[in-house]
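Here is the structure we will look at.
Bear in mind that the values in this text are calculations on the coordinates, not laboratory data. Please read these numbers as outputs of a predicted model, since none were measured by experiment. Don't worry about glycine lacking a Cβ; one is built from the backbone with ideal geometry, like all the others, and counts go over all protein chains shown.
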Amino acid sequence: MATSYESASEYIKHHLTNLTFGQKADGSWGIAEDADEIKEMGFWAINVDSMIFSIGLGLLFLWAFRKAAKRATTDAPRGWQNFVEMLIEFIDESVRGSFSGKNPLVAPLALTIFVWVFLLNLMDLVAVDLVPWLAALMGVPFLKIVPSTDPNITFGLSLTVFVLVLYYSFKVKGPGGFFAELAFHPFPKWMFPINLVLEGVTLIAKPVSLSLRLFGNLYAGEMIFILIALMYGGGMIMAASGGILQLLWALFHILIITLQAFIFMTLTIVYLDMASQTADH
């Protein structure tokens, strides 16, 4: 399918472009037909494909786990129920190992983040040409199916975690305690302007690094799949080599998408633990 494009750069650019809805230069609202229209739409444009797949995968997660909960029995668990119970035990152990306080929100949040981010990442294993090709048959100009390759999605997740960190920092430590944590460490109190700058940067870096780590790893993984797909247009030998490389990269990528979901979850737990600790903890 890569050979249907005029050049390799056009193919790559197309597969890395989101289906975007926003206000066009003439004042009308609609789907962008090319990359130039996307740039003109500005900040308030919405990546429709990222939203659809993110919400859809979130609903799939809720439906699947609700199904397991409704069918749960006291007998020895089997099948899907057994898998869900194993996953919940894994999350529970992770929370117990990283969170020292008591907060009923942390474990469900950790479970949601791990499963949801894993599902977002899992879309990277779908053949890069399949869904865009089907979308093109229906007249859809662009369609990216990996939400975690969209920084809007990863920043949305990380900023939600950041809001919770700020909320529990104020709730547990109080405004004064939170300010003291920023202003009076790591240097003496009389150097509080420097402390504020250093600790402020550290605080802001949490959601930024959380987001960019997930986005960068998945974007790079998707780019490699796209580059491998280009090999199918280079003759039989290149196509055969591309098939082998695609299989090897997909097997390795299973580890990457799982690891990135685990890292995002673990850092969330750690950040909430830091926010919940008092000065004398």
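Numbers at a glance
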{"item": "Length released on extending from Gln23 to Met238, taking residue separation times 0.36 nm less the Cα-Cα span", "result": "73.1 nm"}
{"item": "Equivalent-ellipsoid semi-axes of the chain, from the Cα gyration tensor, Å, largest first", "result": "38, 27, 18"}
{"item": "The chain: most fluctuating residue of Val197, Val165, Val117 per GNM, C-alpha cutoff 10 Å", "result": "Val197"}
{"item": "Gain upon complete extension [Ile52, Ala127; 0.36 nm per residue less C-alpha separation]", "result": "25.2 nm"}
{"item": "Rounded, prolate or oblate (a/c below 1.5 giving rounded, otherwise prolate when a/b exceeds b/c) for region 45-204 by Cα gyration tensor", "result": "oblate"}
{"item": "Separation in nanometres of the label points that stand 7 Å from Cα toward Cβ, at Lys171 and Ala8", "result": "5.2"}
{"item": "Helix runs (DSSP H) in the chain reaching 18 Å along axis by Cα, Kyte-Doolittle at least 0.5", "result": "48-70, 106-122, 151-183, 192-230, 236-276"}
{"item": "Inter-part distance where region 178-196 and region 93-150 are each reduced to a Cα centre, Å", "result": "38"}
{"item": "Among Thr74, Thr149, Thr17, residue whose mean-square fluctuation peaks in a GNM of the chain (springs only between Cα atoms under 10 Å)", "result": "Thr74"}
{"item": "Fluctuation leader among Ala136, Ala107, Ala45 - the chain, Gaussian network, Cα springs under 10 angstrom", "result": "Ala136"}
